[in-house]
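The values are calculated or read from the model by the stated rules, or taken from the named source; none is laboratory data. Bear in mind that the values here come from a model prediction, so they are computed numbers and not experimental data. Reconstructed Cβ throughout: ideal geometry from the backbone, glycine too, with neighbour counts over all protein chains shown.
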Amino acid sequence: MSEPSRRPRKPAKPYRRPQKDPVRMLAFEALRAVDERDAYANLVLPPLLRKAREKEGPEKFDARDAALATELVYGTLRRQGTYDAVIAACVDRPLREVDPPVLDVLSLGAHQLLGTRIPTHAAVSASVELARVVLGDGRAKFVNAVLRKIAQDDLAGWTAKVAPPYDEDPEDHLAVVHSHPRWVVSALWDSLGGGRAGIEELLTADNERPEVTLVARPGRATTAELLREDAAVAGRWSPYAVRLAEGGEPGAVEA
């Protein structure tokens, strides 16, 4: 009796080492410091950027690297409340049961998908690679699955899904949509005497990315010197002001 034919097995894919992305690694390190030590991001980030600028080789930061790292850290923290609600809708367990480092990677990925112009495939791929480096291949698969769910809609679509209806709970709705603690929304609500338009304008403005502004101190520097920096533009209100349109680290500017 002849043996049944067997299909040849597909050769296993060779193991590929994860690619380390210095910018996202630095952003992850900053978020971990905020989460683990209750550190202030504005105190943690500048030394990390300074150290990255002083490195040699491919891990050395230029102005664009510093600007992206700054946006990833501050942008993720600024919209953390909203991103937590979105992530909670995409996982099969309460957020308190998700390991904090995993949640930080997911939050970074969510910000790239919902809060930046980074292409979807690049945001997911870079976040999964980061997860492979800092979490391991097993948990990277979980990150990949969650981020692919998040990528199915934009920020407006997600907030419409995860925020409670305004008519049922206006303060909680505003807290989720605008990523502010409910007690802050309540305090502003009381101060402004209610009314949706005024408080939404205020919360929206509070979420705007602040521009880095330099001052040319007379006798120390001139605006012409500061305008040589990458993406530097003249200030709007003062002849001594120069704005870094793409962000960056003021301490790295040569005085």
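For region 25-62, which positions are of a type in the set (Lys, Arg) and either outside any helix (DSSP H, G or I) or farther than 20 Å from Val212 by Cα (or both)? Before the answer, list the steps.
Of the residues in region 25-62, the ones of a type in the set (Lys, Arg) are 32, 37, 50-51, 53, 55, 60.
Listed by number, the residues that qualify are Arg32, Arg37, Lys55, Lys60.
Give the residues of region 77-119 that are over 18 Å from Arg148 (Cβ atoms) and of a type in the set (Lys, Arg), sorted by residue number.
Of everything in region 77-119, those that are over 18 Å from Arg148 (Cβ atoms) and of a type in the set (Lys, Arg) turn out to be Arg78, Arg79, Arg96, Arg117.
Could you check how many residues of region 131-154 are farther than 17 Å from Arg17 by Cβ and basic (Lys, Arg)?
Looking only at that region, the number is 2.
So that you can scan it fast, the table gives a plain yes or no per residue for (1) within 14 Å of Thr159 (Cβ to Cβ); (2) of a type outside the set (A, V, I, L, M, F, W, C); (3) assigned to a helix (DSSP H, G or I); (4) without any contact (Cβ under 8 Å) to a residue 24 or more places away in the chain:
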site	(1), (2), (3), (4)
Leu72	no, no, yes, no
Thr76	no, yes, yes, no
Ala85	yes, no, yes, no
Arg93	no, yes, no, yes
Ser107	no, yes, yes, no
Thr116	no, yes, no, no
Ala122	no, no, yes, yes
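Which one of these does Leu214 not meet: (1) out of contact with any helix residue (DSSP H, G or I) (no Cβ under 8 Å at 6 or more places or on another chain); (2) part of a strand (DSSP E or B)?
(1)
Mind checking which residues of region 185-214 are surrounded by fewer than 15 Cβ atoms within 10 Å (Cβ to Cβ), of a type in the set (A, V, I, L, M, F, W, C) and more than 24 Å from the chain's Cα centre (by Cα)?
Ala187, Leu192, Ala197, listed by residue number.
Is it true that Arg139 is part of a helix (DSSP H, G or I), among the basic types (Lys, Arg) and in contact (Cβ under 8 Å) with a residue 60 or more places away in the chain?
In short, no.
Would you call Leu202 over 23 Å from Arg64 (Cβ atoms) and not assigned by TED's automatic domain parsing to the domain that holds Leu68? Spell out how you get there, then give the answer.
Details: over 23 Å from Arg64 (Cβ atoms): yes; not assigned by TED's automatic domain parsing to the domain that holds Leu68: yes.
So Leu202 passes the test.
Does Thr70 satisfy the condition of being in contact with a strand residue (DSSP E or B) (Cβ under 9 Å, 6 or more places away or on another chain) and under 18 Å from Ser107 (Cα atoms)? Full working, then the answer.
On the way: in contact with a strand residue (DSSP E or B) (Cβ under 9 Å, 6 or more places away or on another chain): yes; under 18 Å from Ser107 (Cα atoms): yes.
So Thr70 passes the test.
I need the full set of residues from region 58-74 which are buried (at least 21 other Cβ atoms within 10 Å of the Cβ) and small (Gly, Ala, Ser), in order please.
Passing the criteria: Ala66, Ala67, Ala69.
Taking the options Arg132, Arg139, Arg182, name whichever one is at pLDDT below 95, within 28 Å of Glu36 (Cβ to Cβ), surrounded by 13 or more Cβ atoms within 10 Å (Cβ to Cβ) and not polar (S, T, N, Q).
On the way: Arg132 fails: at pLDDT below 95; Arg139 fails: at pLDDT below 95.
Only one candidate passes the filter, namely Arg182.
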